[in-house]
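Q: Mind looking over this structure? Questions follow.
The values are calculated or read from the model by the stated rules, or taken from the named source; none is laboratory data. This structure is a prediction, so every number in the text was calculated from the model and none was measured. Counting neighbours? That spans all protein chains shown, and the Cβs are built from the backbone with ideal geometry, glycine included. Just the protein is used for accessible areas: all its heavy atoms, side chains included, with ligands, DNA and RNA removed. Shrake-Rupley method; radii C 1.70, N 1.55, O 1.52, S 1.80 Å.
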Amino acid sequence: MAIEYLKRGKSDADRAEDDAKTRAVVEATLKDIETRGDAAVRELSEKFDNYSPASFRLSQQEIDDLIAQLSDRELADIKFAQEQVMNFARAQRASMTDIEVETLPGVILGHKNIPVQSVGCYVPGGKFPMVASAHMSVATASVAGVPRIIACTPPFQGKPNPAVIAAMHLGGAHEIYVMGGIQAIGAMALGTETIDPVHMLVGPGNAFVAEAKRQLFGRVGIDLFAGPTETMVIADETVDAEICATDLLGQAEHGYNSPAVLVTNSRKLAEETLSEIDRLLGILPTADTARVSWQDYGEVILCDSYDEMLQVADEIASEHVQVMTDRDDWFLDNMTCYGALFLGPRTNVSNGDKVIGTNHTLPTKKAGRYTGGLWVGKFLKTHSYQKILTDEAATLIGEYGSRLCLLEGFVGHAEQCNVRVRRYGGINVPYGAPAPYRDAAE
């Protein structure tokens, strides 16, 4: 096999160095927020967003006034996109059922899907107002039945963005705060004098937001590691360079560190895509950002076969994978590590980002090897329960339990079983002794 890189991005060592710097900044900032609460949050907001309102939480009147700034068409578009996301989330929720089964006569086992009781949703918006991210976190949490949903978004150009606030409110947020970055993540997770802490953090963000979530995981739950956006195009000669270049740069404009990778078995397509990217960067309004991402994080990988393309794609485990080949369903059937697939030239990552209904908060930095993206199930905890209804079942399970506990040396555990064997089975088991063996059929 011969896998050839026609273009490489930053080395793994350079990326690791960037990550280390981010880690140190986040650790110090979270410690400050935990120590000084609201005062630290306000200082950070003033420093990074030049924003210091009387209250970071929006009142109902402020929310209504912001929504009133939108045109009827803008509001209708937001509602349409939100309904697509909620429709798919409702279908997913309906697939998750509580169960109760009788595994042996008198032995009942079950589980219940219980919503997380409070969730903090981060909606990016300092550079671009990420209206769609509110649907993905807030609206999906609403479908899951989360009883307290708080949402944070940074100010956009010095003030709350009406479209983002509308999406948060319509999605079902109970509290809306205008704050961004590490200060928002820290305030939601750690709590301050004015913000009660949440049980779980969700939503995408820049490298600092992602690192803050990583450091807080354990103290609170998180949806997944969702750092700077990543995109991969898997293509053969069934498509042309224009569509490949457009799909790569369409995600590279997110930030200065957004990996964009072309994997192809066509040298002609690879070389033409490189040329087409140069052409598009000359006319793309967001080229100042996309050019840096492409220069530092863009890659073009030439493979000999579809099997090699599959191998490379699974190794990279990109967040977004756009597949445009003569065998798209083959990739669907065989790929195992990715955030979300976008199959065929008629669809694209922007569909998923904004409107089609699947969730756009997806795993990055190879996290697709062990988790999928945010979905309604992430807001639900599956809790098991058990009950024994008959003396016979209590005795049977107790006897097996007694012996298995002592096999591991847990005498106290064994006695929990033995006391039931004595009480409900009338069998005299000496303290700390294993229950006698009786064939279950007797």
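Q: Could you list, in sequence order, all residues of the stretch 25-75 that are farther than 30 Å from Ala207 by Cβ, under 28 Å from the mean Cα position of the chain (by Cα) and among the acidic types (Asp, Glu)?
A: Glu74
Q: Quick one: count up the residues across the stretch 384-406 that are open to solvent by 40 Å² or more (accessible area, probe 1.4 Å) and polar (S, T, N, Q).
A: Counting residues in the stretch 384-406 that are open to solvent by 40 Å² or more (accessible area, probe 1.4 Å) and polar (S, T, N, Q) gives 3.
Q: Mind checking which pairs have a first residue in the stretch 95-111 that is under 17 Å from Ile388 (Cβ atoms) and a second that is open to solvent by less than 70 Å² (accessible area, probe 1.4 Å) and assigned to a loop (DSSP other than H, G, I, E, B), Cβ under 9 Å, 6 or more apart or different chains?
A: Leu104/Ala440; Pro105/Thr390; Gly106/Thr390; Val107/Thr390
Q: Here is a follow-up. For the stretch 87-107, enumerate the residues that are open to solvent by 30 Å² or more (accessible area, probe 1.4 Å), assigned to a helix (DSSP H, G or I) and not aromatic (Phe, Trp, Tyr).
A: Correct list: Asn87, Arg90, Ala91, Gln92, Arg93, Ala94.
Q: Restricting to the stretch 403-431, give me the number of residues that are part of a helix (DSSP H, G or I) and either of a type in the set (D, E, K, R) or touching an Asp or Glu at 6+ places or on another chain (Cβ under 8 Å) (or both).
A: First, the residues of the stretch 403-431 that are part of a helix (DSSP H, G or I): 403-407, 411-425.
Checking the rest, the ones that are also either of a type in the set (D, E, K, R) or touching an Asp or Glu at 6+ places or on another chain (Cβ under 8 Å) (or both) come to 403, 415, 417, 420-425.
Matching residues across the stretch 403-431 total 9.
Q: Follow-up question, since we're still on this one. Consider Gly339 against the criteria (1) surrounded by fewer than 18 Cβ atoms within 10 Å (Cβ to Cβ); (2) in contact with an Asp or Glu (Cβ under 6 Å, 6 or more places away or on another chain): it satisfies all of them except one. Which criterion is unmet?
A: (1)
Q: What single numbered condition from (1) in a loop (DSSP other than H, G, I, E, B); (2) at pLDDT below 95 fails to hold for Ser318?
A: With (1) in a loop (DSSP other than H, G, I, E, B); (2) at pLDDT below 95 applied to Ser318, the lone miss is (2).
Q: Do we find a residue being farther than 30 Å from Met335 by Cβ, assigned to a helix (DSSP H, G or I) and open to solvent by less than 90 Å² (accessible area, probe 1.4 Å) anywhere in the stretch 367-381? Before the answer, list the steps.
A: Within the stretch 367-381, the subset farther than 30 Å from Met335 by Cβ is none.
Within the stretch 367-381 (the criterion being farther than 30 Å from Met335 by Cβ, assigned to a helix (DSSP H, G or I) and open to solvent by less than 90 Å² (accessible area, probe 1.4 Å)), the answer is no, since none of the residues qualifies.
Q: Further question on the same structure: In the stretch 253-296, what residues are polar (S, T, N, Q) and modelled with pLDDT under 95?
A: Asn257, Ser258, Thr286, Thr289, Ser293, Gln295
Q: Would you tally the residues in the stretch 281-296 being open to solvent by 60 Å² or more (accessible area, probe 1.4 Å) and either within 16 Å of Glu242 (Cβ to Cβ) or in contact with a helix residue (DSSP H, G or I) (Cβ under 8 Å, 6 or more places away or on another chain) (or both)?
A: Qualifying residue count for the region: 3.
Q: Could you check the stretch 205-227 and list, in sequence order, the residues that are open to solvent by 20 Å² or more (accessible area, probe 1.4 Å), closer than 20 Å to Tyr256 by Cβ and either assigned to a loop (DSSP other than H, G, I, E, B) or polar (S, T, N, Q) (or both)?
A: Asn206, Phe225
Q: Additional query: Does any residue in the stretch 336-349 that is within 17 Å of Glu237 (Cα to Cα) and among the hydrophobic types (A, V, I, L, M, F, W, C) come within less than 8 Å, Cβ to Cβ, of a residue that is at pLDDT 95 or above and open to solvent by less than 60 Å² (accessible area, probe 1.4 Å) six or more places away or on a different chain, and which pairs are these?
A: Within 8 Å, the pairs are Leu343/Val323; Leu343/Asp328; Leu343/Phe331.
Q: Going by what's in this entry, would Thr382 be described as within 30 Å of Gly203 (Cβ to Cβ) and polar (S, T, N, Q)?
A: Working: within 30 Å of Gly203 (Cβ to Cβ): yes; polar (S, T, N, Q): yes.
Yes.
Q: Take residues that are in contact with a Ser or Thr (Cβ under 8 Å, 6 or more places away or on another chain), of a type in the set (D, E, K, R) and open to solvent by less than 10 Å² (accessible area, probe 1.4 Å) and tell me which of the strands (runs of 3 or more DSSP E) falling wholly in the stretch 108-186 contain 2 or more.
A: In the stretch 108-186, there are no strands (runs of 3 or more DSSP E) which contain 2 or more residues that are in contact with a Ser or Thr (Cβ under 8 Å, 6 or more places away or on another chain), of a type in the set (D, E, K, R) and open to solvent by less than 10 Å² (accessible area, probe 1.4 Å).
Q: Going residue by residue through the stretch 266-287, is there one that turns out to be touching a residue at least 40 places away in the same chain (Cβ under 8 Å) and not in a helix (DSSP H, G or I)?
A: no
Q: Select, from Arg73, Arg8, Arg15, the only residue that is open to solvent by 60 Å² or more (accessible area, probe 1.4 Å) and either of a type in the set (Asp, Glu) or modelled with pLDDT of 95 or more (or both).
A: Arg73
Q: Out of curiosity, is Leu262 under 22 Å from Asn351 (Cβ atoms) and either of a type in the set (A, V, I, L, M) or open to solvent by 30 Å² or more (accessible area, probe 1.4 Å) (or both)?
A: Judged against the criteria, Leu262 is a match.
Q: List pairs: first in the stretch 232-243 and assigned to a loop (DSSP other than H, G, I, E, B), second open to solvent by 10 Å² or more (accessible area, probe 1.4 Å) and among the aromatic types (Phe, Trp, Tyr), Cβ under 8 Å, 6+ apart or cross-chain?
A: So the pair list comes out as Asp236/Tyr306.
Q: Filter the stretch 313-330 down to the residues that are at negative phi and buried (at least 21 other Cβ atoms within 10 Å of the Cβ) and list them by number. Don't jump to the end; show me each part of the working.
A: Keep residues of the stretch 313-330 that are at negative phi, which gives 313-316, 318-330.
Answer for the stretch 313-330, where residues must be at negative phi and buried (at least 21 other Cβ atoms within 10 Å of the Cβ): Ala313, Ser318, Glu319, His320, Val321, Gln322, Val323, Met324, Thr325.
Q: Can you tell me which of (1) in contact with a Lys or Arg (Cβ under 9 Å, 6 or more places away or on another chain); (2) closer than 20 Å to Ile3 by Cα is the one Asn265 doesn't meet?
A: Among (1) in contact with a Lys or Arg (Cβ under 9 Å, 6 or more places away or on another chain); (2) closer than 20 Å to Ile3 by Cα, the lone unmet condition for Asn265 is (1).
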